[in-house]
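For reference, the structure discussed in these notes is given below.
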Amino acid sequence: MRYREMADNLSAIRQRIGDAAVRAGRDPGDITLVAVTKTRSLDEVRAVIDAGARDLGENYVQELEEKSIALAEFDVCWHAIGHLQTNKIRKIADVVAMVHSVDSERVGREIDKRAAAAGRRVPVLLQVNVSGEESKFGVAEAEAPTLARALAVLEHAELAGLMTMPPYSEDPEANRPYHVRLRELRDRLVDAGIPAGRMRHLSMGMTGDYEVAVEEGATLVRVGTAIFGARDYGSG
């Protein structure tokens with residue numbers, strides 16, 4: 001895909017996010033578009049940065065580490081959005097702006113430890129498997145309150161909300177119930193005593209359903225294919 005197309009796609013997605021926010025009576029400025037750069041080349045990532053992308057998401061620690069170094073001259077925020085192994089957290093603790101995928105107290109405490117050593121505070125999101133799919137990471141809804149309370153007391157890994165990944169569907173409306181469930185879970189956690197400031201973010205919505213997610217309360221949407229085009233896994 002030509003770089004001009006990527007810039008046009010980025011602009012169109014921002015417009016659609018804004019329109020979805022207005023439909024829901026929300027401020028478009030409350031939603032952050034995270035451009036998912038998984039498997040994308042440095043030239044592609046530079047192109048979307050030049051087009052105005054400031055929040056970039058990576059699934060794998062190695063890619064986040066390598067790209068953050070290679071693109072260090074740019075003023076961007078790196079989001080860790082994939083499953084994390086505790087032994088790799090140290091590699092990104094000094095650069096990551098947010099971790100979306102905390103699904104255990106152990107991972108939360110390791111981020112807290114590494115962020116403290118780096119003299120930083122890193123916002124983290126509790127990943128919840130609202131669909132119950134065995135192939136998905138994240139805690140079950142029933143386990144979320146216990147883990148949220150454990151994370152809320154950490155000082156350097158700052159609990160900031162929830163994240164989920166609904167099942168794949170070509171119909172955006174099919175995922176609306178999962179976005180609603182995450183929002184309602186957030187509300188229940190606040191009612192149960194988790195400070196509202198620790199539940200300010202909902203990371204939900206990707207290429208196929210980000211508009212529906214915004215309508216249901218997403219503050220962060222993670223979009224890759226709609227910006228960059230389909231991934232070509234066959235090209236070395």
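The values are calculated or read from the model by the stated rules, or taken from the named source; none is laboratory data. Bear in mind the structure is a predicted one, so any value in this text is a computation, not a measurement. Methodologically, a virtual Cβ is constructed for each residue, glycine included, from the backbone with ideal geometry; neighbour enumeration extends over all protein chains shown.
Tabulated values for the structure
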{"read-out": "Hits in segment 106-128 (condition: in contact with a Ser or Thr (Cβ under 8 Å, 6 or more places away or on another chain) and either more than 20 Å from residue 179 (Cβ to Cβ) or in a loop (DSSP other than H, G, I, E, B) (or both))", "value": "106, 107, 110"}
{"read-out": "Residue satisfying all of: in segment 7-37; of a type in the set (Lys, Arg) and more than 19 Å from the chain's Cα centre (by Cα); nearest to residue 219 (Cα to Cα) among these", "value": "26"}
{"read-out": "Selected residue [surrounded by fewer than 17 Cβ atoms within 10 Å (Cβ to Cβ) and not hydrophobic (A, V, I, L, M, F, W, C)] from 178, 168, 210", "value": "168"}
{"read-out": "Single residue of segment 43-86 satisfying the filter (in contact with a helix residue (DSSP H, G or I) (Cβ under 7 Å, 6 or more places away or on another chain), small (Gly, Ala, Ser) and in a loop (DSSP other than H, G, I, E, B)) that is surrounded by the most Cβ atoms within 10 Å (Cβ to Cβ)", "value": "53"}
{"read-out": "Test: residue in segment 185-198 that is farther than 26 Å from residue 89 by Cβ and within 20 Å of the chain's Cα centre (by Cα)", "value": "yes"}
{"read-out": "Per-region count, segment 140-183, residues farther than 19 Å from residue 225 by Cβ and touching a His at 6+ places or on another chain (Cβ under 7 Å)", "value": "2"}
{"read-out": "Which listed residue is touching a strand residue (DSSP E or B) at 6+ places or on another chain (Cβ under 8 Å) and on the phi < 0 side of the Ramachandran plot, from 97, 47, 70", "value": "97"}
{"read-out": "Residue check for residue 150: closer than 24 Å to residue 93 by Cα, of a type outside the set (Phe, Trp, Tyr) and not in a loop (DSSP other than H, G, I, E, B)", "value": "yes"}
{"read-out": "Sole exception among (1) surrounded by fewer than 18 Cβ atoms within 10 Å (Cβ to Cβ); (2) modelled with pLDDT of 95 or more; (3) over 19 Å from the mean Cα position of the chain (by Cα) for residue 140, by number", "value": "(3)"}
{"read-out": "Criterion: over 18 Å from residue 98 (Cα atoms) and part of a loop (DSSP other than H, G, I, E, B) - qualifying residue of 193, 205", "value": "193"}
{"read-out": "Among the residues listed as 217, 161, the single one being on the phi > 0 side of the Ramachandran plot, surrounded by 14 or more Cβ atoms within 10 Å (Cβ to Cβ) and touching a Ser or Thr at 6+ places or on another chain (Cβ under 9 Å)", "value": "161"}
{"read-out": "Residue within segment 9-16 that is part of a loop (DSSP other than H, G, I, E, B) and free of Cβ contacts under 8 Å to residues at least 60 places away in the same chain present", "value": "no"}
{"read-out": "Number of the exception - residue 103 against (1) touching a Ser or Thr at 6+ places or on another chain (Cβ under 8 Å); (2) acidic (Asp, Glu); (3) within 25 Å of residue 213 (Cβ to Cβ)", "value": "(1)"}
{"read-out": "Close pairs from segment 182-204: first on the phi < 0 side of the Ramachandran plot, partner of a type in the set (Lys, Arg) and assigned to a helix (DSSP H, G or I), Cβ under 8 Å, at least 6 apart", "value": "194/149; 199/186; 202/183; 202/186"}
